[in-house]
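Engineer: The structure follows.
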Amino acid sequence: ERVLDSLGLIEKNGRHLLSLINDILDLSKIEEGKLQIERGPVLIAEVTQDVIRLLLPLAEERGLSLQLIPGSVDLMQVDRKRFSQILINLLSNAIKFTEQGGITIRYERRSYNGIEGVCLEVSDTGRGISSNDIKRLFLRFEQLGNDFSNQDLGSGLGLSLVQELVHMHGGNIEVSSKPGQGTVFNLWFPSA
């Protein structure tokens, strides 16, 4: 049993390191202009459910719910791999910084600056973010969770990468939060 626990820990840490390396490589490719976005029709619910299945054990381990509330739109024109990467980063962060309650994903058709598109909302019941910290949220290597008891503290690259990928799709990302009241990320992607 101890060996299996140790192997599970090794696997978890190995996946975490692989994720960090991939984030660094992707950000480097973006800086060099070499990361390509290949848009195509993507079923939003299908990709979101795949990501939920991947992260549900982590959420359940912390006693959190993770749910999707589908909207009135089925398809998005996005890079499937990068859209999945965006969701994984957002949901992983939400799980890390939520002690009780859960995370909800919603999407709907919405226009932004007069352009039709799809808005994806990821909300959590976590500890929230102060207005001063929101200004630093998308900076590389910034870690807002300075609580050293948090063993899952990341590299500070995930949200920076999310922002870059959303912008590469021609989209927009906004965040609203209050300490003790959770956080809401709104991501908008153009239809075309």
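The values are calculated or read from the model by the stated rules, or taken from the named source; none is laboratory data. This one's a predicted model, so the numbers in the text were calculated from it and none came from an experiment. Don't worry about glycine lacking a Cβ; one is built from the backbone with ideal geometry, like all the others, and counts go over all protein chains shown. Protein only, heavy atoms only, side chains kept; ligands, DNA and RNA dropped before computing areas. Shrake-Rupley method; radii C 1.70, N 1.55, O 1.52, S 1.80 Å.
Engineer: Note the full-extension length gain between residue 130 and residue 176 as 0.36 nm times their separation in residues minus their Cα-Cα distance, in nm to one decimal. Don't skip to the answer; put the middle values down first.
Structural biologist: Details: separation 46, 0.36 × 46 = 16.56 nm, distance 0.96 nm.
Contour length minus the Cα-Cα distance gives 15.6 nm.
Engineer: Taking the Cα-to-Cβ direction at residue 75 and at residue 191 and moving 7 Å from each Cα, how far apart do the two end points lie in nm?
Structural biologist: About 1.2 nm separates the two model spin labels.
Engineer: Now for a different question. Compute the acute angle (0 to 90°) between the alpha-carbon long axis of helix 80-96 and the principal axis of greatest extent of the alpha-carbon atoms of the chain; round to the nearest 10°.
Structural biologist: 50
Engineer: May I pose another question? Distances longer than 18 Å among the Cα atoms of the range 67-141: what percent of all pairs is that? Show your work: numbers first, answer last.
Structural biologist: Details: 1455 of 2775 pairs.
The calculated P(r) of the range 67-141 puts 52 percent of pairs beyond 18 Å.
Engineer: Convert each backbone phi in the range 163-178 into a coupling constant with the Karplus relation 6.51 cos²θ - 1.76 cosθ + 1.60 (shift: θ = phi - 60°), then list the ³J(HN,Hα) values in order as whole Hz, x for Gly and Pro.
Structural biologist: 4, 4, 5, 5, 5, 5, 7, x, x, 9, 10, 9, 9, 10, 6, 9
Engineer: Under 28 Å from the Cα of residue 12, which lysines turn up, not counting those fewer than eight places away in the same chain?
Structural biologist: Within reach: 29, 81, 96.
Engineer: How many nm is it between the label spots at residue 2 and residue 28, if each spot is 7 Å from the Cα in line with the beta carbon?
Structural biologist: About 3.9 nm separates the two model spin labels.
Engineer: Suppose only helical runs count, i.e. DSSP H with n ≥ 4. What mean residue ellipticity at 222 nm does that imply for the chain under -39500 (n - 2.57) per run, divided by all residues and rounded to the nearest 500 deg cm²/dmol?
Structural biologist: On the way: 5 runs with 80 residues, N = 192.
Rounded to the nearest 500, it is -14000 deg cm²/dmol.
Engineer: Under 13 Å from the Cβ of residue 70, count the other residues' Cβ atoms, weight Lys and Arg +1, Asp and Glu -1, and hand me the total. Working shown, then result.
Structural biologist: Working: positive: 106, 109; negative: 46, 74, 108, 121.
That works out to -2.
Engineer: Spin-label point model (7 Å from Cα, Cβ direction): what's the residue 67 to residue 9 distance in nm?
Structural biologist: Taking the simple label geometry, residue 67 and residue 9 are separated by 3.5 nm.
Engineer: Give me the one-decimal Kirkwood hydrodynamic radius in Å for the range 77-117, with the sum taken over alpha-carbon pairs.
Structural biologist: Working: mean 1/r = 0.0808 Å⁻¹.
Hydrodynamic radius (Kirkwood, Cα pairs) of the range 77-117 is 12.4 Å.
Engineer: Then there is this: Is there a quick way to get the dipole size of the chain? I mean about its Cα centre, with the Cβ of Lys and Arg at +1 and of Asp and Glu at -1; what is the value in debye to the nearest 20? Write down the numbers at each step before the final one.
Structural biologist: Values: 20 positive and 25 negative charges, 45 e Å.
The dipole magnitude comes to about 220 debye.
Engineer: If contacts are Cα pairs under 8 angstrom and at least 6 residues apart, what is the relative contact order of the chain in percent?
Structural biologist: Working: 313 pairs, mean separation 40.0, N = 192.
Result for the chain is 21 percent.
Engineer: Here's a follow-up. What residue among 116, 99, 32 shows peak mean-square fluctuation when the chain is described by a Gaussian network model with Cα springs under 10 Å?
Structural biologist: 32
Engineer: Relative contact order (percent) for the range 1-96, with alpha-carbon contacts under 8 angstrom and 6 or more residues of separation? Please list the in-between numbers first.
Structural biologist: Values: 56 pairs, mean separation 31.8, N = 96.
Normalised by residue count, the contact order of the range 1-96 is 33 percent.
Engineer: Which whole-number value in Å² is the accessible area per residue of the chain, probe 1.4 Å? Numbers along the way, then the final one.
Structural biologist: On the way: 10830 Å² over 192 residues.
Ligands and nucleic acids excluded, the result is 56 Å² per residue.
Engineer: A follow-up question, please. Calculate what fraction, in whole %, of the accessible area of the chain sits on carbon and sulfur atoms when a 1.4 Å probe is rolled over the protein chains.
Structural biologist: Values: 5600 of 10830 Å².
Roughly 52 percent of what the probe reaches on the chain is carbon or sulfur.
Engineer: Continuing with this model, one more query. When only alpha-carbon atoms count, how far does the chain stretch along each of its three principal axes, as whole angstroms with the largest first?
Structural biologist: For the chain, the Cα extents along the three principal axes come out at 55, 37, 33 Å.
Engineer: If a paramagnetic tag sat 7 Å from the Cα of residue 184 along the Cα-Cβ line, which residues of the range 122-141 would have the backbone N under 11 Å from that point?
Structural biologist: 122-124
Engineer: For the range 1-78, what is the charge dipole size about the Cα centre, in debye to the nearest 20, if Lys and Arg each add +1 at the Cβ and Asp and Glu each add -1 at the Cβ?
Structural biologist: Numbers: 8 positive and 13 negative charges, 12 e Å.
Value, rounded to 20: 60 debye.
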